[in-house]
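Everything below concerns the one structure shown next.
The values are calculated or read from the model by the stated rules, or taken from the named source; none is laboratory data. Keep in mind that what you see is a predicted model, and the values were worked out from it rather than measured. Please note: Cβ atoms are built from the backbone with ideal geometry, for glycine as well, and neighbour counts cover all protein chains shown.
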Amino acid sequence: MAQPHSARSRAIEPFHVMALLARANELQAAGHDVIHLEIGEPDFTTAAPIVAAGQAALAAGHTRYTAARGLPQLREAIAGFYGQRYGVDLDPERVLITPGGSGALLLASSLLVDPGKHWLLADPGYPCNRHFLRLVEGGAQLVPVGPEVNYQLTADLVERHWDKDTVGALVASPANPTGTVLERDELASLSKATRERHGHLVVDEIYHGLTYGMEAPSVLEVDDEAFVLNSFSKYFGMTGWRLGWLVAPPSAVADLEKLAQNLYISAPSMAQHAALACFEAQTLAILEERRAEFARRRDYLLPALRELGFGIAVEPQGAFYLYADISAFGGDAFAFCRHFLETEHLAFTPGLDFGRHQAGHHVRFAYTQSLPRLEEAVQRLARGLKSWQG
Ligand SMILES: Cc1ncc(COP(=O)(O)O)c(C=O)c1O
């Protein structure tokens, strides 16, 4: 008999929503009109100037590897963007272009985590974080968080949960699945708490740009030593191009470059050329229109869900998710999701996909559908609640 697959691969959980997605696709194939509120990517296709730049790059033969750290002109454009958006003077030498934010997470966890060492992570949170840590034989210390701390790690929680094997904390702002944002002073306290313990602060800023009525501060405004994960997937609408970046302190760059060379050689070349168009005024204007559309959707869906009895204790300021407590209706979140899929052809994600803390009575709605579709979804929710027997 063949050897079993590695313990690390067995320890990594699948997305639980995939079972629901498979069923949703079956229903759709049978001719049903399924509304997808489970998908964590913008419904808009990539903005035309970016697509045109990608096509031009292909025509010009930019089909080969780039330097492991990425195209110098893209790293400069990103550094320039930090100047414009955050007033941060960033040396392009500190920017590494990666295959998605996922590639940045792979680099950061490979660089910073030895076997048996841990990062503190908020629960609920993005599930892949703990799986990346497992992949490098480290681990996640999941810290339960709720509305009282805006679903975010705080300096106090870092202090209370830090132990001899903790080497860092990873926070996301805006966060998935809750959409909450860390203020500048909160980032500064987290930075102080991790530094006092000689640990690393890693901040996932992948949903930056998708905040409503406010701008999320970058940790680089208060901590030059922090590691920042970012991506072209969400605000820039390029999920399928697989492009992101990591900002690291100067002392880390050479080792990160070595890891990048070995793990993936370079991020996709044509995607990097396309992304150069992201920072042009005409592209940013399109992206800002899309941001305004997401804001309108949130402003519709948040009160509509609350009115139906979903508990959303803090107003999410960013990303495109609403994380809702279904306790008022009784029953288990997975069964609740299944009920709506079967009876109303409405798909959303059970809390189990984001951790363990109160996961059984939370669900996540992604407002990655047009307003008329969201209105239809709310009608289906109202109807489905009548037949739900929690
Ligand atoms: C919080 C968070 N971090 C990272 C990612 C990875 O995204 P990508 O690799 O497309 O940049 C996602 C994707 O959903 C996410 O939600």
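A few points about this structure:
- Only listed residue being within 30 Å of Leu301 (Cα to Cα) and in contact with a Gly (Cβ under 9 Å, 6 or more places away or on another chain), chosen from Leu229, Leu187, Leu201: Leu229
- Restricting segment 236-251 to residues that are closer than 25 Å to Ala216 by Cα and surrounded by fewer than 22 Cβ atoms within 10 Å (Cβ to Cβ), the residue that is nearest to the ligand (Cβ to nearest atom): Thr239
- Note on segment 316-344: residues that are of a type outside the set (Phe, Trp, Tyr), crowded, with 18+ Cβ neighbours inside 10 Å and not in a helix (DSSP H, G or I) total 8.
- In the condition set (1) surrounded by 22 or more Cβ atoms within 10 Å (Cβ to Cβ); (2) more than 13 Å from the ligand (Cβ to nearest atom), Val222 is compliant with all but (1).
Rundown of residues vs (1) in contact with a His (Cβ under 8 Å, 6 or more places away or on another chain); (2) surrounded by 18 or more Cβ atoms within 10 Å (Cβ to Cβ); (3) hydrophobic (A, V, I, L, M, F, W, C), yes/no style:
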position: Ile35; (1), (2), (3): yes, yes, yes
position: Ala48; (1), (2), (3): no, no, yes
position: Ala53; (1), (2), (3): yes, yes, yes
position: Leu58; (1), (2), (3): no, no, yes
position: Gly61; (1), (2), (3): no, no, no
position: Gly70; (1), (2), (3): no, yes, no
position: Val95; (1), (2), (3): no, yes, yes
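- Single unsatisfied condition, Arg296 versus (1) away from the ligand (no atom under 16 Å from the Cβ); (2) under 22 Å from Leu111 (Cβ atoms): (2)
- Residue check, Gly146 more than 17 Å from the chain's Cα centre (by Cα), on the phi > 0 side of the Ramachandran plot and more than 15 Å from the ligand (Cβ to nearest atom): no
- The numbered conditions (1) away from the ligand (no atom under 16 Å from the Cβ); (2) of a type outside the set (S, T, N, Q); (3) without any contact (Cβ under 8 Å) to a residue 24 or more places away in the chain are all true for Ala140 except (1).
- In segment 74-84, the count of residues that are over 16 Å from Phe279 (Cα atoms) and modelled with pLDDT of 95 or more is zero.
- Residue in segment 89-98 that is modelled with pLDDT of 95 or more, within 14 Å of the ligand (Cβ to nearest atom) and assigned to a helix (DSSP H, G or I) present: no
- For segment 143-187, a residue qualifies if it is touching a residue at least 12 places away in the same chain (Cβ under 8 Å), over 21 Å from Pro350 (Cα atoms) and of a type in the set (Val, Ile, Thr), and the qualifying residues are Thr154, Val158, Thr166, Val167, Val171, Val181.
- The residue list Ser233, Ser266 contains one member that is away from the ligand (no atom under 12 Å from the Cβ), in contact with a Ser or Thr (Cβ under 6 Å, 6 or more places away or on another chain) and not in a helix (DSSP H, G or I), which is Ser266.
- All positions within segment 281-315 that are in a loop (DSSP other than H, G, I, E, B) and touching a strand residue (DSSP E or B) at 6+ places or on another chain (Cβ under 6 Å): Phe310, Ile312
- Boolean, Gly390 is over 26 Å from the mean Cα position of the chain (by Cα) and surrounded by fewer than 17 Cβ atoms within 10 Å (Cβ to Cβ): yes
- From Ala274, Ala254, Ala304, residue being modelled with pLDDT of 95 or more and crowded, with 21+ Cβ neighbours inside 10 Å: Ala274
- Selection of first residues in segment 49-72 that are over 29 Å from Leu256 (Cα atoms) and of second residues that are in a helix (DSSP H, G or I), restricted to Cβ pairs under 7 Å at least 6 apart or on distinct chains, gives the following pairs, ordered by first then second residue: Pro49/Ala277; Pro49/Gln282; Pro49/Thr283.
- Here Arg130 meets the list (1) crowded, with 22+ Cβ neighbours inside 10 Å; (2) assigned to a helix (DSSP H, G or I); (3) touching a helix residue (DSSP H, G or I) at 6+ places or on another chain (Cβ under 9 Å) almost entirely, failing just condition (3).
- Restricting segment 158-210 to residues that are assigned to a loop (DSSP other than H, G, I, E, B) and β-branched (Val, Ile, Thr), the residue that is surrounded by the most Cβ atoms within 10 Å (Cβ to Cβ): Thr178
- Matching residues in segment 103-129 - criterion: being farther than 14 Å from Phe227 by Cα and either within 12 Å of the ligand (Cβ to nearest atom) or at pLDDT below 95 (or both): Leu121, Ala122, Pro124, Gly125, Tyr126, Pro127, Cys128, Asn129
- Checked against (1) over 14 Å from the mean Cα position of the chain (by Cα); (2) within 14 Å of the ligand (Cβ to nearest atom), Asp156 meets all criteria but (2).
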